[in-house]
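Peer 1: What follows is a single structure, and I will ask about it in a moment.
Since every read-out is calculated from the coordinates, none of them should be taken as a lab result. Just so we're clear, the structure is a prediction, and the values are computed from it rather than from any experiment. When we count neighbours, we look across all protein chains shown, and the Cβ atoms used for this are built from the backbone with ideal geometry, even at glycine.
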Amino acid sequence: MDTIQKSCYRCLSVKPLFEFYKNKNMSDGHLNQCIPCTKKVESQRRADNVEHWRAHDRARSLLPHRIEKSVKLTKLWRQSDNRRMKCHNAVARALKRGLLFKLPCEKCGDEKSLAHHEDYDKPLDVVWLCQVCHMQRHKEIDNLKD
């Protein structure tokens with residue numbers, strides 16, 4: 001069976017149709033740029049106007065179906081590894097008691113930082129990262145697993 005192929009107008013490479021996002025407005029039902037190119041363009045667009053997209057994302061997160069999904073995902077996250085919650089609670093207690101002090105992000109210096117655990121077996125061994133750097137760190141960890 002032959003797979004249908006299409007050329008990406010950005011990188012000019014010919015790829016199988018499943019490497020293109022679906023788009024009902026296109027004649028063949030798929031976008032005319034491949035998924036990696038689309039992701040690259042969208043990432044740059046978001047980076048060029050960060051505050052606008054953060055406000056947009058905050059507004060979307062308040063939609064009822066997204067709140068419901070977030071609650072379900074949080075429950076699953078908590079159930080998947082109970083060490084996570086124990087660590088988060090230990091950090092909260094240590095901060096309250098003055099045993100641990102919140103620091104700026106270790107990568108960019110942002111004052112709004114979160115405690116990141118590299119190892120859930122060491123509850124108070126944390127790295128302070130802002131939300132953006134924290135997400136980036138988890139992407140790095142996920143890439144190391146692959």
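Peer 1: How long is the gain from residue 14 to residue 72 if the chain were fully straight, where each residue apart is worth 0.36 nm and the alpha carbon distance is subtracted?
Peer 2: The span from residue 14 to residue 72 would gain 16.9 nm if fully extended.
Peer 1: Whole-Hz ³J(HN,Hα) for each residue in segment 75-90, computed from phi via Karplus 6.51 cos²θ - 1.76 cosθ + 1.60 with θ = phi - 60°, x for glycine and proline: what do you get?
Peer 2: After applying 6.51 cos²θ - 1.76 cosθ + 1.60, I find 4, 4, 4, 5, 6, 5, 7, 5, 5, 4, 5, 4, 5, 4, 5, 4 Hz.
Peer 1: Hey, if you put +1 on the Cβ of every Lys and Arg and -1 on every Asp and Glu Cβ in the chain, which of 133, 144, 44 ends up farthest toward the positive end of that dipole?
Peer 2: Farthest towards the positive end: 133.
Peer 1: Same structure, new question: About the Cα centre of the chain, how large is the charge dipole given +1 on each Lys and Arg Cβ and -1 on each Asp and Glu Cβ? Please answer in debye to the nearest 20. List each step's numbers first, then the result.
Peer 2: Details: 30 positive and 19 negative charges, 125 e Å.
Dipole about the Cα centre, nearest 20: 600 debye.
Peer 1: Taking H as built 1.01 Å from N, whose amide H comes closer than 5 Å to the amide H of residue 116, not counting residues under 5 places away?
Peer 2: 127, 128, 129
Peer 1: While we're on this one: For segment 1-59 and segment 112-126, compute the distance between their C-alpha centroids and round to whole Å.
Peer 2: 35 Å
Peer 1: Within the chain, what's the longest run with no trypsin sites (Lys or Arg not before Pro) in a DSSP loop and at most 11 other beta-carbon atoms within 10 Å? Give the range, please.
Peer 2: Here the longest run is 25-111.
Peer 1: Averaging sequence separations of C-alpha pairs under 8 Å and six or more residues apart, then dividing by the length of the chain, give the relative contact order as a whole percent.
Peer 2: Taking the mean separation of contacting Cα pairs over the length of the chain, I get 11 percent.
Peer 1: Right, another one. Compute the acute angle (0 to 90°) between the alpha-carbon long axis of helix 50-61 and the principal axis of greatest extent of the alpha-carbon atoms of the chain; round to the nearest 10°.
Peer 2: 80 degrees
Peer 1: What list of ³J(HN,Hα) values in whole Hz, one per residue of segment 108-116 in order, does the Karplus curve 6.51 cos²θ - 1.76 cosθ + 1.60 (θ = phi - 60°) give from phi, with Gly and Pro shown as x?
Peer 2: Each residue's phi maps through the Karplus curve to give 10, x, 4, 5, 7, 10, 10, 7, 10 Hz.
Peer 1: Let me ask another. Taking segment 1-90, which chymotrypsin sites (Phe, Trp or Tyr not before Pro) meet the DSSP loop condition and have no more than 15 other C-beta atoms within 10 Å?
Peer 2: Listed in order of number, the matching sites are 9.
Peer 1: Can you list the HN-Hα couplings for segment 121-133, worked out from phi with the Karplus curve (6.51, -1.76, 1.60; θ = phi - 60°), rounded to whole Hz and with x for Gly and Pro?
Peer 2: Each residue of segment 121-133 in turn: 7, 10, x, 9, 8, 10, 10, 8, 9, 6, 4, 5, 5 Hz.
Peer 1: Right, next: Would you please give the residues with an amide H less than 5 Å from that of residue 100, counting only those at least 5 places away or on a separate chain, with H modeled from the backbone geometry?
Peer 2: 95
Peer 1: With Rg and the Kirkwood Rh both taken from Cα atoms, where does Rg over Rh land for segment 5-46? Walk me through the intermediate numbers first.
Peer 2: Values: Rg = 9.9 Å, Rh = 10.3 Å.
Rg divided by Rh gives 0.96.
Peer 1: Fully extended, how many nm does the chain gain between residue 138 and residue 81 (0.36 nm per residue separation, minus their Cα-Cα distance)?
Peer 2: Full extension of this stretch gives 18.9 nm more.
Peer 1: Could you list the square roots of 5 times each eigenvalue of the Cα gyration tensor of segment 35-129, that is, the equivalent ellipsoid semi-axes, sorted largest first and rounded to whole Å?
Peer 2: Numbers: eigenvalues 172, 80, 40 Å².
Value: 29, 20, 14 Å, ordered largest first.
Peer 1: Hey, another quick one. Collect residues whose amide H, placed 1.01 Å from N in the peptide plane, falls under 5 Å from the amide H of residue 34; neighbours closer than 5 in sequence don't count.
Peer 2: Answer set, sorted by chain and number: 9, 10, 11.
Peer 1: In debye, nearest 20: dipole of segment 5-46 around its Cα centre with unit charges on the Cβ of K, R (+) and D, E (-)? Present the calculation step by step, with values, prior to reporting the outcome.
Peer 2: Numbers: 9 positive and 3 negative charges, 35 e Å.
Rounded to the nearest 20 debye, it is 160 debye.
Peer 1: Any idea what the dipole of segment 69-146 comes to, in debye rounded to 20, about its Cα centre with Lys/Arg Cβ at +1 and Asp/Glu Cβ at -1?
Peer 2: Roughly 560 debye for segment 69-146.
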